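Structure first, then comments.
The values are calculated or read from the model by the stated rules, or taken from the named source; none is laboratory data. The model shown is predicted, which means the values in this text are computed figures rather than measured ones. Neighbour counts are summed over all protein chains in view; Cβ atoms, including those assigned to glycine, are modelled from backbone coordinates with ideal geometry.
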Amino acid sequence: MNLSELRSKVAEVRDEIVTLSAIEEITVEDDAILTESLATFETLSAELADVEARSARIEAAKATIVERASGVDSVQIMKPTETAIDVRTATRMQIKDAALKVLELDGGDLAARQGDNVEMLIRAQNNNVDGTSIAKRILATETPAYRSAFAKALTSSQPAWTSEEARAISEFRAASEGTDAAGGFGVPVFIDSSIILTSGSAGAPVFDLARKVTVTNDEWKGVSSAGVSFSYDAEASAVSDDAATLAQPTITVYKAAGFIPFSLEVGDDYPAFAAEMRRLLDGGYMDLVAEGTVTGSGSSKPFGIFTALDANTNVEVVVTTDGSFGAVDILKQWKALPERYKANASWIMSTGVENEIRKFAAAADAAYYTVNFAEGGIGNLFGRPVYTTDYAPDFTGTTGAANICVVGDFSNFVVANRAGMTVELVPHLFDVTNNRPTGQRGFYAVARHGYDSVNDLGFRLLQNQ
């Protein structure tokens, strides 16, 4: 609802309230309508106030831009995607306020969820996230000069930068304090997969279900507990010791690197090649985490959910018959999951395991389950959604050790992204047999992240032993 529609609706509801209030003998029905109208009026009035305030801020920013364009510099405020503050001397609040303004004026291409996430990161200030670092990165990369310089840097080993572009690159490297891009080029924040957290990828269900956090250090630290115990105590007596046992799970951040080769002809003939960076980075990044979040070994890389649970015998559920599984095993796995985790649980399995469950309808387990093969998948088990991924273990009928499927609350599986992806141009690629140039260049992209289960008890793993 736009501003004019909101104002019209507020006036309409106000008139309705005035009319109802004037009735001398109000009926029960009229009283109910009046109560509902008053509640609606309060809600719409609050929404109208928010929209009007936002509109006023935008109009003020536009007016300032026009004023500065005419040569008047009396007010130091940013143009769209540009800031007048010096991030090296500004206070934390000034830097964050400037970054929020850039997000408001230049973040229109972000989905609402992505914009909200970026705003939350800018405002954050805790052991895991320094919002000022992300704000500095926004101010340094989300400018026309930096984006132009970034595009040139990705297609030429000796880019012909303008003075504004060269200054933008220098300002970014100064803002990064030498930790993120010594010699490389930071991906502009609003296309940076490690910050905007692209999700909804059909091929990375564990990533989509996981609790995602952004960090600005090398390790995520959380707090977990099995819960607080309550007890009944007599009147005026000392409360019993019901202290919870707290743990601090940590997730180590690892380097994830991608390489994208392309021919010189593509770089010359495809001026918009740099604009494809968002699609390329998202695709490569999501392919890596799609596999890693399922079966990552934890050795020099993060832990996948199957690997993490396979190391904890307390959450393993063994099939009844060695080398096969049936509805009785799915029932046993669901029963083993604690009640507190069932309401938000999801199932993760391979298509092969899903197919085995489909067969329950044609076997002795038909009383438990029926399936329509015209449907896209089995959809739900025990009312909770089922997600399939090719990276989950396939069912082979082996009588040896084998994992089958996982069920649990995936808010207990955390993906920690270190904010800031960088890209460097490798100017020439060489043939591995004769060491001669191949007429290709390459993008070398680096991001850092980690993931692991922070509470194994929130899951149950069905497996063959």
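Annotations for the structure displayed:
- Against the numbered list (1) modelled with pLDDT of 70 or more; (2) assigned by TED's automatic domain parsing to the domain that holds SER453; (3) touching a strand residue (DSSP E or B) at 6+ places or on another chain (Cβ under 6 Å), LEU197 comes up short only at (1).
- Search result, residues across region 240-249 that are modelled with pLDDT under 80, in a loop (DSSP other than H, G, I, E, B) and not acidic (Asp, Glu): SER240, ALA243, ALA244, THR245, GLN248
- Residue match in region 295-307 (condition: modelled with pLDDT under 95, touching a helix residue (DSSP H, G or I) at 6+ places or on another chain (Cβ under 9 Å) and part of a helix (DSSP H, G or I)): yes
- Residue that is surrounded by the most Cβ atoms within 10 Å (Cβ to Cβ), among those in region 70-100 that are at pLDDT 80 or above and within 21 Å of SER193 (Cα to Cα): ALA99
- Among the residues of region 429-465, just one is buried (at least 21 other Cβ atoms within 10 Å of the Cβ) and among the β-branched types (Val, Ile, Thr), namely VAL454.
- Among residues of region 421-445 that are in contact (Cβ under 8 Å) with a residue 60 or more places away in the chain and outside any strand (DSSP E or B), those with a Cβ under 9 angstrom from a residue that is among the acidic types (Asp, Glu) and surrounded by fewer than 16 Cβ atoms within 10 Å (Cβ to Cβ), sequence gap 6+ or separate chain, pair up as GLY439/GLU265.
- VAL426 meets the stated requirement of being surrounded by fewer than 16 Cβ atoms within 10 Å (Cβ to Cβ) and among the hydrophobic types (A, V, I, L, M, F, W, C).
- Single match in THR64, THR132 (criterion: of a type in the set (S, T, N, Q), in a helix (DSSP H, G or I) and at pLDDT below 80): THR64
- Residue in region 333-342 that is over 27 Å from the mean Cα position of the chain (by Cα), at pLDDT 95 or above, in the same structural domain as GLY408 (by TED's automatic domain parsing) and among the polar types (S, T, N, Q) present: yes
- Checking HIS449 against (1) assigned to a strand (DSSP E or B); (2) farther than 24 Å from SER299 by Cβ; (3) not polar (S, T, N, Q), the condition it does not meet: (2)
- Test result for THR216, β-branched (Val, Ile, Thr), touching a strand residue (DSSP E or B) at 6+ places or on another chain (Cβ under 7 Å) and at pLDDT 80 or above: yes
- Scan of region 297-327 for residues that are of a type in the set (Ser, Thr, Tyr) and buried (at least 19 other Cβ atoms within 10 Å of the Cβ), ordered by number: THR307
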